[in-house]
Amino acid sequence: MTTVNPTPASLPAALAEPTVPVRRSWIALIFAANLGVWMAFFTPIQVLLPQQVERIAPADKEAMLAVVTGLGALAAVLANPLAGALSDRTVLRLGGRHLGRRHVWTATGAVLGAAALLLLARQDTIAGVALGWVAAQVCFNAMLASLTAAIPDRVPVVQRGGVSGWVGIPQALGLVLGAVLVTAVVTGNAAGYAAIAAAVLLLSLPFALLTADDPLPREHRSALRLRTLAASMWIDPRRHPDFAWAWITRFLVQLGNALGTLYLLYFLTDGVGVADPEGGLLVLILLYTLGMMLTAVVAGRLSDRTGRRKVFVITSGGIMAVAALLLALAPRWPMAVAAALLLGAGYGVYLAVDAALITQVLPAATDRAKDLGVINIANSAPQVLGPALSAPIVVHLGGYPALYAATAAVTVLGSVLVLKIRSVP
């Protein structure tokens with residue numbers, strides 16, 4: 001099996017390629033931490049922010065929601081790699097004892113992010129909502145940078161597909177649990193934000209407090225200079241072509257995801273004509289999550305056993321494209337149900353296998369979190385570009401059928417380009 005960054009035995013544990021399989025308890029704790037952070041990301045985007053924006057600016061809800069989510073995604077683009085680069089260089093001591101470099105970012109991001117959600121809940125202007133969401137995105141992206149780096153830090157390559165499957169499931173499950181929490185358990189927009197803030201703390205802090213975090217010896221820390229840090233964000237595609245193609249693949253698939261999900265609540269209301277669009281959205285989210293849970297871990301483990309990654313990525317892109325075409329060609333409730341299940345199944349395969357693939361093309365062990373932060377720009381940047389593209393498509397260029405046709409085309413292109421990666425089968 002192809003591996004990257006083989007490291008000499010003289011390197012500290014924080015930089016060495018992991019060889020000892022992680023235990024189920026570790027997987028359970030990082031699963032919970034990811035569940036908390038994804039609840040914080042997606043529940044506001046899918047439920048709380050649309051409700052809040054519609055209450056403040058009902059006549060311009062689509063455009064204002066695009067502004068708020070776009071600004072938040074722009075903040076994420078900047079915060080994720082910066083936090084990753086800083087965590088790569090973090091050297092802490094407490095009472096003469098070296099502390100790890102990742103968990104402090106997870107814990108601090110959780111606490112400050114929860115505070116940002118409580119602040120966001122109090123806003124009654126679009127500007128206030130945008131500022132609150134930007135603050136939350138900065139904090140939760142600092143968390144995400146450290147959590148993402150835990151996979152190459154501690155999980156051997158031969159175990160990464162299966163573990164990535166477990167870590168990927170919270171992306172959908174977080175939205176389900178978050179939606180249930182803010183619609184069925186608590187009532188009111190402000191109470192919804194407070195419930196998500198509490199969930200972030202309860203789910204994320206145990207991983208930071210109870211699992212090992214290898215310290216970085218001071219002599220192995222890279223210099224922290226602003227110019228050097230800024231320059232390190234550029235990874236030369238000529239020197240690292242596989243990393244560049246992995247980034248492009250992730251960007252295009254996530255752009256397709258952004259195009260297809262941003263206006264889902266409005267699609268059910270205005271395109272399908274569902275009598276209870278919020279209830280319909282919850283049903284679709286449940287089906288999406290079911291499809292994802294059925295495929296993510298299984299596909300990840302199959303990828304580990306066969307040593308092959310690309311064929312799974314291509315297959316997943318095809319499945320997701322079929323789901324989008326169903327919505328484009330027949331925007332009716334039965335097709336939406338089938339599309340949700342298919343989309344979840346395809347995305348589950350994609351998340352597990354593509355995440356494992358990316359850890360195998362990272363340029364350097366010393367910059368894992370920063371490099372994964374650069375990869376995470378491919379997750380966040382589409383959230384900036386998606387609103388800019390989807391709003392005019394819906395309003396001026398063919399409505400929801402055109403939007404979902406574009407979703408299918410972009411997703412297929414992204415998944416097929418994985419063939420350009422040479423170092424991973």
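Laid out as a table, the results:
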| read-out | value |
| --- | --- |
| Enumeration of residues in segment 78-96 that are in a helix (DSSP H, G or I) and either free of Cβ contacts under 8 Å to residues at least 24 places away in the same chain or surrounded by fewer than 23 Cβ atoms within 10 Å (Cβ to Cβ) (or both) | Leu78, Leu82, Leu86 |
| Failed criterion for Arg101 (all others in (1) buried (at least 24 other Cβ atoms within 10 Å of the Cβ); (2) among the charged types (D, E, K, R); (3) within 20 Å of the chain's Cα centre (by Cα) hold) | (3) |
| Qualifying helices (runs of 4 or more DSSP H) (wholly inside segment 174-262; at least 3 residues being within 23 Å of the chain's Cα centre (by Cα)) | 189-210, 241-261 |
| Residue check for Val313: at pLDDT 90 or above, under 17 Å from the mean Cα position of the chain (by Cα), in a helix (DSSP H, G or I) and farther than 19 Å from Gly399 by Cβ | yes |
| Answer from Val349, Val418 - the residue that is without any contact (Cβ under 8 Å) to a residue 60 or more places away in the chain, touching a helix residue (DSSP H, G or I) at 6+ places or on another chain (Cβ under 6 Å) and more than 25 Å from Thr269 (Cα to Cα) | Val349 |
| Exclusive hit being of a type in the set (A, V, I, L, M, F, W, C), over 25 Å from Ser390 (Cα atoms) and at pLDDT below 95, set Leu209, Leu201 | Leu209 |
| Lone qualifier among Val418, Val349, Val361, Val353 - being more than 20 Å from Gly273 (Cβ to Cβ), assigned to a loop (DSSP other than H, G, I, E, B) and in contact with a Ser or Thr (Cβ under 7 Å, 6 or more places away or on another chain) | Val361 |
| Candidates Val176, Val155, Val163, Val180, filtered to the one that is closer than 28 Å to Leu284 by Cα, at pLDDT 95 or above and not hydroxyl-bearing (Ser, Thr, Tyr) | Val163 |
| Segment 336-371, subset hydroxyl-bearing (Ser, Thr, Tyr) and surrounded by 24 or more Cβ atoms within 10 Å (Cβ to Cβ), residue nearest to Ala408 (Cα to Cα) | Tyr347 |
| Selected residue (criterion: farthest from Ile45 (Cα to Cα)) from residues of segment 386-425 that are β-branched (Val, Ile, Thr) and surrounded by fewer than 19 Cβ atoms within 10 Å (Cβ to Cβ) | Val416 |
| Within segment 30-65, considering residues that are touching a residue at least 24 places away in the same chain (Cβ under 8 Å), small (Gly, Ala, Ser) and surrounded by fewer than 22 Cβ atoms within 10 Å (Cβ to Cβ), the one farthest from Ala127 (Cα to Cα) | Ala32 |
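The values are calculated or read from the model by the stated rules, or taken from the named source; none is laboratory data. Keep in mind that what you see is a predicted model, and the values were worked out from it rather than measured. Note that we place each Cβ from the backbone using ideal geometry, even for glycine, and neighbour counts take in every protein chain shown.
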